[in-house]
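A.B. asks: Before we start, here is the structure in question, set down as structure tokens.
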Ligand code: PMP
């Protein structure tokens, strides 16, 4: 008997599968609000000026442009230096971590790759227990269960009834988790929580991190949207700065895992540019060497080495002061447009959470629509949200906002 003939059909990807439906929809007014890719006010996916200029520099530099050789297993050394400086010196204000050689760093296949390598490393050496928020990016569960975690635990995050952070239940849940002999990882969204767009307030974060520290959990921080919360890249690293506050948290027993992506904030989606940093509990060069050696082994067994072109763009951008300045502006403009979309929708719908800047952030707005309502939007109006009711604000513009808001109003009745 052939086992390959018995392979069952996997469910369609919860997010990317919907675009296939959208593409087939003949409705001329259709709007795709499923995917988290930034579009400008004309509905176009554009390249940031800072990124386009970096590309030009690379294209004009024959040496850079023509070198299509392999990168090392852990990525390009310059990329490592530039990204670590950007993250740990500039964003987090902890240059001593670099000086003390306390960070085990690899260039990854964007944020997804960073989470996957972190998951594989954790499950091999440290723990196969992880708590992820309910809700979360649908791929988190997929990544952990494909990389050595038998299952994942879901901690209460979002109260669908009130549209608020389910704060007390979150803390209670963590405190009541049984201790099964191993420390437990906890996945945290650094900012712009996906899919809800709702982040804890700074005070809530402090209480949450206090609890996580007390319980000796291992923070696995997914920072896919640095810059998209406030429009300021540096400001948005606040969760990392909090975790690294040594007065409050002198010793993270098993370190801190940071999975970082330039997909959204540099618009490098398809180039797969990101990083995994493991902040080790103490400065110990032998420990770092051992951790690095194992990360390399994992990478080698999956894809050998990361792609080159996108990381060169990031490299040039981060190491050229005027381009970096331009990049900060580009991110700010993107966020300003997303905020203007929120405002335009608020003017039409009068839904206050659309413009609550303290807690509603980023590219997504969570409608709290039921699956039935999401289906109604799709079949009656050709408007596509993900099934959990997440709406990507980036697909909204002056041309479709009236039609969209009228439909949202009708469906919410
Ligand atoms: N984490 C979250 C929460 C995300 O929303 C995304 C992008 N959808 C990612 C990680 C990773 O994206 P990428 O692999 O494109 O960097």
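A.B. asks: Cβ contacts < 9 Å: first residue within 25 Å of residue 140 (Cβ to Cβ), restricted to the stretch 1-19; second residue more than 13 Å from the ligand (Cβ to nearest atom) and modelled with pLDDT under 80, any location; separation 6+ or different chain. Result?
C.D. replies: Hits for this filter: 11/17; 18/12.
A.B. asks: Scan the stretch 114-141 residue by residue and report those that are buried (at least 21 other Cβ atoms within 10 Å of the Cβ), in contact (Cβ under 8 Å) with a residue 60 or more places away in the chain and part of a loop (DSSP other than H, G, I, E, B).
C.D. replies: Scanning the stretch 114-141 gives a single hit, 137.
A.B. asks: For the stretch 15-53, how many residues are touching a helix residue (DSSP H, G or I) at 6+ places or on another chain (Cβ under 9 Å), part of a helix (DSSP H, G or I) and under 21 Å from residue 335 (Cα atoms)?
C.D. replies: Qualifying residue count for the region: 4.
A.B. asks: Moving to a separate point now. Collect the residues in the stretch 118-145 that are farther than 17 Å from residue 16 by Cα, within 12 Å of the ligand (Cβ to nearest atom) and modelled with pLDDT of 95 or more, keeping them in residue-number order.
C.D. replies: Initially, the stretch 118-145 is screened for residues farther than 17 Å from residue 16 by Cα, giving 118-135, 144-145.
Add one more test, that the residue is within 12 Å of the ligand (Cβ to nearest atom), and what stays is 118, 132-133, 135.
The answer is 118, 132, 133.
A.B. asks: For residue 176, all conditions in the list (1) in contact with a strand residue (DSSP E or B) (Cβ under 8 Å, 6 or more places away or on another chain); (2) surrounded by fewer than 16 Cβ atoms within 10 Å (Cβ to Cβ) hold save one; what is the number of the exception?
C.D. replies: Here residue 176 clears every test but (1).
A.B. asks: Quick check, is residue 82 more than 16 Å from the ligand (Cβ to nearest atom), out of contact with any strand residue (DSSP E or B) (no Cβ under 6 Å at 6 or more places or on another chain) and modelled with pLDDT under 95?
C.D. replies: For residue 82, the condition - more than 16 Å from the ligand (Cβ to nearest atom), out of contact with any strand residue (DSSP E or B) (no Cβ under 6 Å at 6 or more places or on another chain) and modelled with pLDDT under 95 - is not met.
A.B. asks: Name, by its number, the condition in (1) over 22 Å from residue 120 (Cα atoms); (2) away from the ligand (no atom under 16 Å from the Cβ); (3) out of contact with any helix residue (DSSP H, G or I) (no Cβ under 7 Å at 6 or more places or on another chain) that does not hold for residue 290.
C.D. replies: All conditions pass for residue 290, except number (1).
A.B. asks: Looking at the stretch 367-381, can you tell me whether even one residue there is surrounded by fewer than 22 Cβ atoms within 10 Å (Cβ to Cβ), within 15 Å of residue 195 (Cβ to Cβ) and in contact (Cβ under 8 Å) with a residue 60 or more places away in the chain?
C.D. replies: Checked the stretch 367-381: at least one residue is surrounded by fewer than 22 Cβ atoms within 10 Å (Cβ to Cβ), within 15 Å of residue 195 (Cβ to Cβ) and in contact (Cβ under 8 Å) with a residue 60 or more places away in the chain.
A.B. asks: Further question: Restricting the search to the stretch 248-285, which residues are modelled with pLDDT of 95 or more, away from the ligand (no atom under 11 Å from the Cβ) and not in a loop (DSSP other than H, G, I, E, B)?
C.D. replies: If the condition is that a residue be modelled with pLDDT of 95 or more, away from the ligand (no atom under 11 Å from the Cβ) and not in a loop (DSSP other than H, G, I, E, B), then 256, 257, 258, 276, 277, 278, 279 are the ones that fit.
A.B. asks: Continuing with this model, one more query. Exactly one of (1) in a helix (DSSP H, G or I); (2) over 28 Å from residue 364 (Cα atoms); (3) under 21 Å from the mean Cα position of the chain (by Cα); (4) touching a residue at least 24 places away in the same chain (Cβ under 8 Å) is unmet by residue 78. Its number?
C.D. replies: (3)
A.B. asks: Within the stretch 326-338, can you find the residues that are under 19 Å from the mean Cα position of the chain (by Cα) and surrounded by fewer than 18 Cβ atoms within 10 Å (Cβ to Cβ)?
C.D. replies: 328, 332
A.B. asks: Now for a separate question. Mind counting the residues in the stretch 222-247 that are more than 13 Å from the chain's Cα centre (by Cα), outside any loop (DSSP other than H, G, I, E, B), touching a residue at least 60 places away in the same chain (Cβ under 8 Å) and within 16 Å of the ligand (Cβ to nearest atom)? Steps first, please.
C.D. replies: From the stretch 222-247, those more than 13 Å from the chain's Cα centre (by Cα) are 230-235, 238-247; that's our starting set.
Adding the requirement that they be outside any loop (DSSP other than H, G, I, E, B) leaves 235, 238-243.
Filter once more, keeping what is touching a residue at least 60 places away in the same chain (Cβ under 8 Å): 240-241.
After this cut, where a residue has to be within 16 Å of the ligand (Cβ to nearest atom) as well, the list is 240.
The number of residues fulfilling the criteria is 1.
A.B. asks: Condition check: buried (at least 23 other Cβ atoms within 10 Å of the Cβ), in contact with a strand residue (DSSP E or B) (Cβ under 8 Å, 6 or more places away or on another chain) and in a helix (DSSP H, G or I). Does residue 354 satisfy that? Walk me through it before giving the result.
C.D. replies: Numbers: buried (at least 23 other Cβ atoms within 10 Å of the Cβ): no; in contact with a strand residue (DSSP E or B) (Cβ under 8 Å, 6 or more places away or on another chain): yes; in a helix (DSSP H, G or I): yes.
Taking the combined requirement at face value, the residue does not satisfy it.
A.B. asks: Can you find even one residue in the stretch 334-355 that is over 30 Å from residue 67 (Cβ atoms), in contact with a helix residue (DSSP H, G or I) (Cβ under 6 Å, 6 or more places away or on another chain) and modelled with pLDDT under 95?
C.D. replies: Yes: one or more hits.
A.B. asks: Out of the stretch 142-160, which residues are in a strand (DSSP E or B), under 21 Å from residue 387 (Cβ atoms) and out of contact with any helix residue (DSSP H, G or I) (no Cβ under 6 Å at 6 or more places or on another chain)?
C.D. replies: Listed by number, the residues that qualify are 154, 158, 159.
The values are calculated or read from the model by the stated rules, or taken from the named source; none is laboratory data. As the structure is a prediction and not an experimental result, all values here were calculated from the model. Because the Cβ atoms are built from the backbone with ideal geometry, glycine has one as well, and the counts that use them run over all protein chains shown.
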